[in-house]
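The values are calculated or read from the model by the stated rules, or taken from the named source; none is laboratory data. Fair warning: this is a prediction, and the values are worked out from it, not measured in the lab. Note: ideal-geometry Cβ built from the backbone for every residue, glycine included; neighbour counts use all protein chains shown. All accessible areas refer to the heavy atoms of the entire protein, side chains included, with ligands and DNA or RNA removed. Shrake-Rupley method; radii C 1.70, N 1.55, O 1.52, S 1.80 Å.
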Amino acid sequence: MRGTHWGLFTPALVMQFSGPRHKKQPLSEQWHRLTQKSGLKHTVYSVSGDEYTGEWKDDKKHGKGAQVWKKGGAMYDGEWKCGRRDGHGTYSVLNPQTKEYVKKYCGEWRHGKKHGFGTFLYSCSEVYEGQWSEDARCGWGKMHFTNGDVYEGEWRKDRAHGRGFILCANGNWYEGSWRDGKKDGYGTFFYSDQGQLYEGLWVDGTAKCGTLSDFKRSEAPRPPKYQIPQLQLVDTRAVLTGAQSAFDRTTASQE
């Protein structure tokens with residue numbers, strides 16, 4: 001045909017005009033990409049009724065935020081890292097009578113557990129303030145008990161362990177070594193009602209070998225009728241040292 005010119009199209013030219021072909025993403029991946037949480041967000045509700053308001057990173061709670069657990073009636077407000085409580089935060093529980101949240105723990109967290117320095121309120125009259133390790137009292141801390149006793153000293157695995165001092169509600173006090181929550185090792189115990197002082201070794205909470213002497217007898221409300229006689233040992237220190245050595249050997253064999 002006169003006046004008509006036909007061009008020759010190669011496959012490369014066709015690709016140039018039509019553009020590169022992209023594989024279409026599955027609908028599930030598209031929805032995941034659109035709903036992925038990162039940065040500051042508003043409240044997000046879960047199927048169980050729990051809700052979280054705060055910061056996100058890579059679809060996990062990260063930064064500062066508040067979590068409310070509907071079933072357990074608890075709330076955490078503080079720092080998060082990779083989806084777990086980490087940093088400083090406050091844990092509270094819901095009071096069923098007042099419908100208000102009551103603070104239970106305020107302090108440091110790591111990997112979702114109490115770790116570092118913090119204060120835990122077991123009740124209005126029972127409070128612990130000190131070091132924690134993986135949800136257990138560990139390190140130096142002070143505990144106010146419901147019965148009025150106050151212990152301050154070292155802890156391990158949620159029990160008094162190491163050096164510590166306890167002031168009992170009745171005025172008695174003990175200062176010395178502890179093991180798994182019991183007096184164990186060398187320590188001094190003052191019986192305030194009798195005005196007597198015991199110094200020596202304890203094993204599993206029981207006094208085993210030591211000296212008992214009058215101490216503040218004139219101030220005691222119920223002192224014994226007779227004073228404690230003075231015992232004249234050739235070498236008091238040697239007796240206690242021998243008992244201490246025997247105690248140390250027994251303790252070492254048990255570990």
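Would you pick out the residues in the range 131-160 that are of a type in the set (A, V, I, L, M) and under 23 Å from LYS113 (Cβ atoms)?
ALA136, MET143, ALA160 - these are the residues of the range 131-160 that are of a type in the set (A, V, I, L, M) and under 23 Å from LYS113 (Cβ atoms).
For the range 177-195, the set of residues classified as closer than 12 Å to ALA160 by Cβ and among the charged types (D, E, K, R) consists of ARG179, ASP180, LYS182, LYS183, ASP184, listed by residue number. Please go through the range 169-183 and pick out each residue that is closer than 16 Å to GLY139 by Cα and among the aliphatic types (A, V, I, L, M). Hits for the range 169-183: nothing passes. Taking (1) free of Cβ contacts under 8 Å to residues at least 24 places away in the same chain; (2) surrounded by fewer than 16 Cβ atoms within 10 Å (Cβ to Cβ); (3) more than 22 Å from the chain's Cα centre (by Cα); (4) assigned to a strand (DSSP E or B) in turn, ASN170 satisfies each apart from (4).
Scan the range 124-142 residue by residue and report those that are open to solvent by 50 Å² or more (accessible area, probe 1.4 Å) and part of a strand (DSSP E or B).
Scanning the range 124-142 gives GLU129, GLN131, TRP140, LYS142.
Among residues of the range 181-200 that are closer than 12 Å to PRO221 by Cα, those with a Cβ under 9 angstrom from a residue that is assigned to a loop (DSSP other than H, G, I, E, B) and among the aliphatic types (A, V, I, L, M), sequence gap 6+ or separate chain, pair up as TYR191/ALA220; SER192/ALA220; ASP193/ALA220; GLN194/ALA220; GLY195/ALA220; GLN196/ALA220; GLN196/ILE228.
All conditions but one from (1) closer than 22 Å to LEU212 by Cβ; (2) part of a strand (DSSP E or B) apply to GLN194; the one that does not is (2).
Any residue at all in the range 75-91 that's over 28 Å from GLN131 (Cα atoms), open to solvent by less than 80 Å² (accessible area, probe 1.4 Å) and in a loop (DSSP other than H, G, I, E, B)?
No, the range 75-91 contains no residue that is over 28 Å from GLN131 (Cα atoms), open to solvent by less than 80 Å² (accessible area, probe 1.4 Å) and in a loop (DSSP other than H, G, I, E, B).
Which members of the range 180-223 meet the condition of being closer than 18 Å to ASP149 by Cβ and open to solvent by 50 Å² or more (accessible area, probe 1.4 Å)? If the condition is that a residue be closer than 18 Å to ASP149 by Cβ and open to solvent by 50 Å² or more (accessible area, probe 1.4 Å), then ASP180, LYS182, TYR191 are the ones that fit. The single condition among (1) in a strand (DSSP E or B); (2) in contact with a Ser or Thr (Cβ under 7 Å, 6 or more places away or on another chain) that GLU152 does not satisfy is (2).
The condition of being modelled with pLDDT of 90 or more and either out of contact with any helix residue (DSSP H, G or I) (no Cβ under 6 Å at 6 or more places or on another chain) or open to solvent by less than 80 Å² (accessible area, probe 1.4 Å) (or both) holds for only one of THR53, THR43, that being THR53. Answer yes or no as to whether THR241 is farther than 28 Å from ASP135 by Cα, at pLDDT 95 or above and not in a loop (DSSP other than H, G, I, E, B). In short, no.
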